[in-house]
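Colleague: I'd like to ask you about the structure that follows.
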Amino acid sequence: MAYRLGLARELTYRVNFFFGQLRYFLLFATLIFFTLAIRRTVGDYTTEQLLTYYLFAGVITNLLMADSMEQISNEIAEGDLSNYLLRPMNYFGYWTARLLGFRTITLFATLFGIFLLTLVPGVNFFFQTDPTALLQSATLFGMSFIIVELLHFSVALLAFWANRAFGPRWLLVNLLYFLTGLFIPVDLFPAWAQNILWWTPFPTLVYGTTKAYLGLVTKPEFVHMLLTQTVWIIIFGIILSIIWTRGVRSYEAYGR
């Protein structure tokens, strides 16, 4: 039911969905055209690899960043959360299913955007056929999905104490954009920044998944990223549980 609701919502607000997807398309098309204009090796990346990096990074970012934070924060601030608490349902399971509906439509829109970019003269993308690389990338993407959802839910629940959690939501979105390797591959960061980032799950979300797709991840690197994601999923899961438990205890919905 929640999955169908997610589909229905996006199909109802088609204009809003269109402009949201257009924003992502223009952003990553700009990165791709900029890379095409450089026409030289950047770091260890050939032009084709870098073009593919930005294309694939754009695809997975568009799928990962199905932002539920604003709506959840609004439900808490406006007292609508009571409608869920009074029913025998899993609130986070409901939102996960609903966001899967959104991501289904997003996937088709993204594939159409890729098709348009392949029509541009001189734009040559690398399409991976190695099953090992595809499996590694898919595994890291699945784990990244869980991490991003846990982060979104945790930050949204700060609305229990901060009005709609505007500040934390803004901070998280920008962290995800800039620290995941979305705009610049992590291995092009200064060495000191890389050393710090690899203590966090951020490089594994976009950079790790994309580099695995390109077939540039060794088996030890893949295992390391997978273990890193597993540890952070446990940590973020515990944090979410604590925030939810304490938040519900302090929750007040006047007039509801």
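Each value in this text was obtained by applying a stated rule to the coordinates, not by laboratory testing. Computed from a prediction, not measured in an experiment: that's the story for all the values here. So basically every Cβ, Gly included, is an ideal-geometry build from the backbone, and we count neighbours across all protein chains shown.
Colleague: Using Cβ counts within 10 Å as a stand-in for footprinting exposure, how do Tyr54, Tyr45 rank, fewest first?
Modeller: Sorted ascending by nearby Cβ count, the order is Tyr45, Tyr54.
Colleague: Continuing with the same structure: Given an 8 Å cut-off on Cα distances and at least 6 residues of separation, report the relative contact order of the chain as a percent. Intermediate values should be presented prior to the final figure.
Modeller: Values: 256 pairs, mean separation 69.9, N = 256.
The value is 27 percent.
Colleague: In sequence order, what are the phi-derived ³J(HN,Hα) couplings for the stretch 224-231 according to the Karplus relation 6.51 cos²θ - 1.76 cosθ + 1.60 with θ = phi - 60°, rounded to whole Hz, with x for glycine and proline?
Modeller: Karplus values, whole Hz, x for Gly and Pro: 4, 5, 5, 5, 4, 5, 4, 4.
Colleague: Show that you can apply the helix-only estimate: for the chain, add -39,500 (n - 2.57) for every DSSP H stretch of four or more residues, divide by all residues, and state [θ] at 222 nm to the nearest 500.
Modeller: When only DSSP H runs of four or more count, the value is -23500 deg cm²/dmol.
Colleague: What is the distance in Å between the Cα centroid of the stretch 194-209 and that of the stretch 223-246?
Modeller: Measuring centre to centre over Cα atoms gives 15 Å.
Colleague: Would you mind putting 206-216, 224-234, 76-86 in packing order, based on average other-beta-carbon counts within 10 Å, highest first?
Modeller: Answer by packing, highest mean first, reads 206-216, 224-234, 76-86.
Colleague: For the chain, set up a Gaussian network in which alpha carbons nearer than 10 Å are linked by springs, and say which option among Ile114, Ile242, Ile196 fluctuates the most.
Modeller: Comparing Ile114, Ile242, Ile196 in a Gaussian network model of the chain, the most mobile one is Ile196.
Colleague: What label, among [x] 19.4, 63; [y] 18.3, 65; [z] 18.8, 57, belongs to Rg and Dmax of the Cα atoms in Å computed from the structure on display?
Modeller: [x]
Colleague: On to the next question. What list do you get for Phe127, Phe33 if you sort them by fewest beta carbons within 10 Å?
Modeller: Ranking Phe127, Phe33 by Cβ neighbours within 10 Å, fewest first, gives Phe127, Phe33.
Colleague: Looking only at Phe145, Phe153, Phe112, which one moves most when the chain is put into a Gaussian network model with springs between Cα atoms under 10 Å?
Modeller: In this elastic network of the chain, the residue with the biggest mean-square fluctuation among Phe145, Phe153, Phe112 is Phe112.
Colleague: Return Met65, Met89 ranked ascending by Cβ neighbour count within 10 Å, so the fewest neighbours appear first. Working shown, then result.
Modeller: Details: Met65 17, Met89 12.
Starting with the residue having the fewest Cβ neighbours, the order is Met89, Met65.
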